[in-house]
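The values are calculated or read from the model by the stated rules, or taken from the named source; none is laboratory data. None of these values were measured; they are calculated from a predicted model. Positions of Cβ are generated from backbone atoms using ideal geometry, with glycine treated the same way; all protein chains shown enter the neighbour counts. SASA here: full protein model, heavy atoms, side chains in, ligands and nucleic acids out. Shrake-Rupley method; radii C 1.70, N 1.55, O 1.52, S 1.80 Å.
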Amino acid sequence: MHPLDGNAMAGVMHDLFARDMTTMGYQCTGCGKTGAVAEMAVYASGPGTVARCRDCDTILLMLSERRGMYCLDAPGMTHAILPLA
Amino acid sequence: MTVETPRVTTIALAIRDWPGHRAGQHVDVRLTAPDGYQTERSYSIASAPEDADVSLTVERLDDGEVSPYLVDELRPGDEIELRGPVGGYFAWDNELGGPLFLVAGGSGLVPFRSMLRHHRASGSRVPVRLLCSARSLELLIYREELIKLAADDLVDVSVTLTREAPDDWRGYRGRIDPALLSTTGWSAKEEPLTYICGPTAFVETAAAGLVALGHDPGRIRTERFGGTGV
Ligand SMILES: Cc1cc2nc3c(=O)[nH]c(=O)nc-3n(C[C@H](O)[C@H](O)[C@H](O)COP(=O)(O)OP(=O)(O)OC[C@H]3O[C@@H](n4cnc5c(N)ncnc54)[C@H](O)[C@@H]3O)c2cc1C
Ligand SMILES: [Zn+2]
């Protein structure tokens, strides 16, 4: 597998949050590391998109789309999303 | 449409109400089949914010769903659906400064064409070093433009060819590694701002190489196109 990164989710996330999310920061619940949304490891080949922590593989975000409706789940983000310093 | 290599075409788009973009951003192209099936892919913007047209450069993957359509079937005058410009992380403008190190594998060169054109158009004084990796000289995109860009004292262009090289080739040969990154880039103490773009495996190798050379990961920005190496 050759995952993409959070840049690949810029378009969908812009639709959902009405702003650029790639420069936002997150903290992983698995290992506590912080990073920019653009740095997440993104797997887009399944029925939905899964974003994992680059350091420990914890699932940070899951996104699926059905008939134009998005379903977003962020199990691995403690403070959902913080502005990056 | 401009043919860059046998597999790569640059497409100029006429877009109504384009809000303008930053160098390095991309758009999402959405195709809809007659039966309503939709699919979407991202493409970096190849033109500078200062250019008159917005253009994309697409490499055809033979077994791909979207790229063969864009490279082989799209005709002047056809309409496509776009979302964007998006992605503020992998963007560069003069205010972000440098020195700049741009590392491209294959079509990973696309966003850097936008950045280098913006560099010139904005009269930037930021010194830039660009390292491109291509399978062969024939497969290196934007060849002529790279030669022109390299004429600028502030812009240094290095090319490495990984599969075949002409007999009189004076550039580098072989895949990217820490030795090549250190000869063609900046030293860690010059604290460059680095952008790496291309196939996923290429980006991982280049980023790991720079971190091993002591570069601050916080000044390395990456964008992965998927797929394997160059
Ligand atoms: C932010 C971003 C910017 C991008 N910018 C550009 C760009 O400027 N120009 C450009 O040509 N592409 C770019 N890409 C890649 C592009 O989005 C598509 O992935 C690519 O065109 C393949 O789509 P496809 O539908 O033809 O192939 P698919 O049907 O998606 O895939 C066909 C086969 O090729 C493999 N594959 C998928 N992607 C790649 C790849 N990049 N290299 C090698 N093998 C691959 C797949 O695993 C699969 O086996 C970008 C990707 C991202 C995330
Ligand atoms: Zn983690």
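Residues in the range B:215-230 that are closer than 23 Å to B:L137 by Cα and in a loop (DSSP other than H, G, I, E, B) were compared, and the one that is farthest from the other protein chains (Cβ to nearest Cβ) is B:V230.
In the set B:R125, B:R219, B:R113, B:R224, which member is more than 25 Å from A:A38 (Cβ to Cβ) and at pLDDT 95 or above?
Numbers: B:R219 fails: more than 25 Å from A:A38 (Cβ to Cβ); B:R113 fails: more than 25 Å from A:A38 (Cβ to Cβ); B:R224 fails: more than 25 Å from A:A38 (Cβ to Cβ).
That would be B:R125, the only listed residue that is more than 25 Å from A:A38 (Cβ to Cβ) and at pLDDT 95 or above.
Can you say whether B:E65 is more than 14 Å from every other protein chain (Cβ to nearest Cβ) and of a type in the set (D, E), as far as the supplied structure shows? Talk me through it step by step, then tell me what you get.
On the way: more than 14 Å from every other protein chain (Cβ to nearest Cβ): no; of a type in the set (D, E): yes.
The answer is no for B:E65.
All conditions but one from (1) more than 16 Å from ligand 1 (Cβ to nearest atom); (2) among the β-branched types (V, I, T); (3) without any contact (Cβ under 8 Å) to a residue 40 or more places away in the chain apply to B:T184; the one that does not is (3).
Of everything in the range B:72-100 that's farther than 25 Å from B:D17 by Cα and hydrophobic (A, V, I, L, M, F, W, C), which residue is nearest to the other protein chains (Cβ to nearest Cβ)?
Here is the first cut: in the range B:72-100, the residues farther than 25 Å from B:D17 by Cα are B:72-73, B:95-100.
With the extra rule that they be hydrophobic (A, V, I, L, M, F, W, C), the set shrinks to B:96, B:100.
Working: B:L96: 12, B:L100: 18 Å.
Once the filter is applied, the top-ranked residue is B:L96.
Taken together, the criteria exclude B:D62 from residues that are more than 12 Å from ligand 1 (Cβ to nearest atom) and open to solvent by 20 Å² or more (accessible area, probe 1.4 Å).
Taking the listed residues B:V126, B:V211, the one that is touching a residue at least 12 places away in the same chain (Cβ under 8 Å) and either touching a strand residue (DSSP E or B) at 6+ places or on another chain (Cβ under 8 Å) or outside the structural domain of B:T10 (by TED's automatic domain parsing) (or both) is B:V126, with no other qualifying.
Return yes when B:E79 is part of a loop (DSSP other than H, G, I, E, B) and outside the structural domain of B:S182 (by TED's automatic domain parsing) and no when it is not. Please lay out each step first, then the result.
Details: part of a loop (DSSP other than H, G, I, E, B): yes; outside the structural domain of B:S182 (by TED's automatic domain parsing): yes.
For B:E79, the condition - part of a loop (DSSP other than H, G, I, E, B) and outside the structural domain of B:S182 (by TED's automatic domain parsing) - is met.
Listed by position, the strands (runs of 3 or more DSSP E) contained in the range B:114-214 that have at least 1 residues being touching a Cys at 6+ places or on another chain (Cβ under 7 Å) are B:155-161.
Having 3 or more residues that are open to solvent by 50 Å² or more (accessible area, probe 1.4 Å), within 14 Å of another protein chain (Cβ to nearest Cβ) and touching a strand residue (DSSP E or B) at 6+ places or on another chain (Cβ under 8 Å) is the bar; report the strands (runs of 3 or more DSSP E) wholly within the range B:1-50 that clear it.
Values: elements: B:2-5, B:8-13, B:26-32, B:38-44.
Where strands (runs of 3 or more DSSP E) fall fully within the range B:1-50 and carry at least 3 residues being open to solvent by 50 Å² or more (accessible area, probe 1.4 Å), within 14 Å of another protein chain (Cβ to nearest Cβ) and touching a strand residue (DSSP E or B) at 6+ places or on another chain (Cβ under 8 Å), they are B:38-44.
Out of all the residues in the range A:1-50, which are more than 16 Å from A:D73 (Cα to Cα), more than 16 Å from ligand 1 (Cβ to nearest atom) and open to solvent by less than 30 Å² (accessible area, probe 1.4 Å)? If the condition is that a residue be more than 16 Å from A:D73 (Cα to Cα), more than 16 Å from ligand 1 (Cβ to nearest atom) and open to solvent by less than 30 Å² (accessible area, probe 1.4 Å), then A:M24, A:G25, A:G35 are the ones that fit. Scoring B:E81 on the criteria (1) open to solvent by less than 70 Å² (accessible area, probe 1.4 Å); (2) in contact (Cβ under 8 Å) with a residue 40 or more places away in the chain; (3) within 21 Å of A:A8 (Cα to Cα) leaves a single failure, condition (1).
Restricting the range A:51-79 to residues that are open to solvent by less than 90 Å² (accessible area, probe 1.4 Å) and at positive phi, which is modelled with the highest pLDDT?
First, the residues of the range A:51-79 that are open to solvent by less than 90 Å² (accessible area, probe 1.4 Å): A:51-54, A:56-64, A:68, A:70-78.
Restricting the remaining residues to those that are at positive phi gives A:57, A:68.
Working: A:D57: 94, A:G68: 73.
Here the answer is A:D57.
Whenever a residue of the range B:19-36 is in contact (Cβ under 8 Å) with a residue 40 or more places away in the chain, its partners that are surrounded by fewer than 10 Cβ atoms within 10 Å (Cβ to Cβ), lying with C-beta atoms within less than 9 angstrom and at least six residues away or across chains, give the pairs B:L31/B:Y37.
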